[in-house]
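I have placed the structure first, in the form of structure tokens, so that the comments after it can refer back to it.
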Amino acid sequence: MTANIADTAYIRFVPTGVRHAVDRGPGSPSFTDGLKKRRAKERNLILAGQAAILIAVAMLMTLMVSIVSKGYSAFGQTELQLELYLEEGLIDPNGNRDPETILRANYQSIIRTSLRAIFPDVSGRTDRRLLNNIVSNAAQFELARMVVDNPDWIGTKRVISLPASDDIDQLMKGKIDASLPEDSRRVSDKEVAWIDTLREREQIGITFNTRLFTNADSRDPEVAGILGAVMGSLFALMICFMISFPLGVGAAIYLEEFAPKNKWTDIIEVNINNLAAVPSIIFGLLGLAVFLNTFGLPRSAPLVGGMVLALMTLPTIIIASRAALKSVPPSIREAALGLGASRHQVVWHHVLPLALPGMLTGTIIGMAQALGETAPLLMIGMVAFIADVPGSITDPATALPVQIYIWADSPERAFTERTSAAIMVLLTFLITMNAAAVWLRRKLERRW
């Protein structure tokens, strides 16, 4: 009893803040409760982060599975093996093997004659038209180019592989269900029967689709390819790099190493940072107004596309280059200056070589971003249908993301798988460029 009175008296004279500190100190109930709450919050934060990562990975996997499942079939193409008699009187009546004369021959008639020899019972205009539709409309042009390249074929019989039409290709790949009623599918019962006959004779099959990588765009999806778009993208990226890299690195060196720190440089820095966030279509409008309308540069050309992409990529390269220059320790500059080097020599011989890996990494990432851009290229006419592979930076061309946009907007069902296949090719380019940036950074990076 005496002790309790003494404790009460002691506690009465202890300051309130000290009593609270003692009550909440280690081992007290309030301290234990608080510790549990802090650990619960930390655990919830970790779980939220893990859930965010899982959701992102799940969405990415869903996207990749969707693209691959739709696009892998485009890497195969249905081919017909036809025995064609390349009659000299039809192809080269003069016998001088003139390429122009050979190209103008009626190869469609030769192909149809071969088909009717396989199915001699087909009669009537409608059935003959259905039979002719088995082979692609573009097959006659491929055959013409083959004969021009091999004039010794004229006057002989050859078994030649030709592309089937897009509907037959879809039927062979199982994209058209032959068990459905005839009026519910694009292929008639007679065409299905003819395809079964060709299968039995081993005259039709699916092979690797080389045309996807060797042809330019076409109205016929079975012969449409991405070579023209890939070349257009490569030309545009080349122009983009040639313009944006020296300008971006030069601007970064000046702002970081030589420019005085005043309000004007602050305004320039703020504007560069803001330009990196400007929507890409704004740069397309700028290119349309300046390069096409003012300077009259060719429309739909990789030259203009590369210049517009350079404008868009320039802020990214400047920001990355400045970050790389800042990462170089000041002691290196001070040591070089102490040995009597000028500021130009310090930058050119010491700072720039050390910052170059970071600059190249930022440039590659900026170029990868430019490779995937569509909106600015739409504004300068690179959305046009181009059936030829561009040979220079001034030839009409399109770009790979624009080609994807064009195919995605096409009504033919066969373009759906080619759209996904083109996306796979574009993603491969982007992953390769990003991997190159990572490899370059790790290979050339120096630690201080």
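Points to keep in mind about this one:
- With the highest mean first, a sort of the peptides 148-159, 412-423 on other beta-carbon atoms found within 10 angstrom per residue produces 412-423, 148-159.
- Pairwise FRET efficiency - Ala335 versus Asp388, Cβ, R0 = 45 Å, nearest 0.05: 0.20
- Packing-based order for 196-207, 358-369, using average beta carbon neighbours within 10 Å, highest first: 358-369, 196-207
- Probe 1.4 Å, all protein chains present, accessible-area order of Glu182, Glu256, largest first: Glu182, Glu256
- Paramagnetic label reach from Arg299 (point 7 Å along Cα→Cβ; backbone nitrogen cut-off under 14 Å): within the range 360-383, residues 378-383.
- Cα-based values for the range 308-448, radius of gyration first and Dmax second, are 20.7, 71 Å.
- Euclidean distance between Cα centres, the range 143-172 to the range 210-254, Å: 31 Å
- Carbon + sulfur, % of accessible area of the range 61-155 - ligands and nucleic acids excluded, 1.4 Å: 50 percent
- Take 439-445, 386-392, 282-288 and order them by the average number of nearby Cβ atoms within 10 Å per residue, most first; the result is 282-288, 386-392, 439-445.
- Inter-probe distance in nm under a simple model that places probes 7 Å from Cα toward Cβ, at Glu182 and Asp409: 3.8 nm
- Relative contact order, percent, the range 367-448 [alpha-carbon distance under 8 Å, six or more residues apart]: 27 percent
- Take the range 117-181 with all the other protein chains still there, run a 1.4 Å probe, and you get 49 Å² of accessible area per residue.
- Relative contact order computed over the chain (Cα-Cα under 8 Å; 6+ residues apart), in percent: 18 percent
- Rounded percent of accessible protein surface that carbon and sulfur make up, the range 263-417, 1.4 Å probe: 65 percent
- Å² per residue, accessible surface of the range 296-448 at 1.4 Å: 47 Å²
- Span from the the range 344-365 Cα centroid across to the the range 377-408 one, whole angstrom: 34 Å
- Percent of Cα-Cα distances greater than 24 Å, calculated over the range 61-211: 41 percent
- A straight chain from Thr432 to Lys36 at 0.36 nm per residue would run longer than the Cα-Cα distance by 137.9 nm.
- The convex hull of the Cα atoms of the range 148-211, projected and averaged over all directions, covers 6.0 nm².
- Each listed q (0.10 Å⁻¹) maps to a log10 I(q)/I(0) for the range 260-348, found by the Debye formula over equal Cα scatterers with no solvent: -0.44.
- Lysine pair count for the chain (Cα-Cα distance under 22 Å; residues 8 or more apart in sequence or on different chains): 7.
- Normalised radius of gyration (Cα atoms, divided by 2.2 N^0.38 Å) for the chain: 1.53.
- Taking 0.36 nm per residue of separation and subtracting the Cα-Cα distance, full extension of the segment from Trp439 to Lys263 would add 59.5 nm.
- A Stokes-Einstein calculation at 25 °C with viscosity 0.890 mPa s, built on the Kirkwood radius of the range 144-259 over Cα pairs, returns a diffusion coefficient of 129 µm²/s.
The values are calculated or read from the model by the stated rules, or taken from the named source; none is laboratory data. Given the structure is predicted, the values throughout are model-derived calculations rather than measurements. Cβ atoms come from the backbone with ideal geometry, glycine included; neighbour counts cover every protein chain shown. Keep in mind that these areas ignore ligands, DNA and RNA; they rest on the heavy atoms of the full protein, side chains included. Shrake-Rupley method; radii C 1.70, N 1.55, O 1.52, S 1.80 Å.
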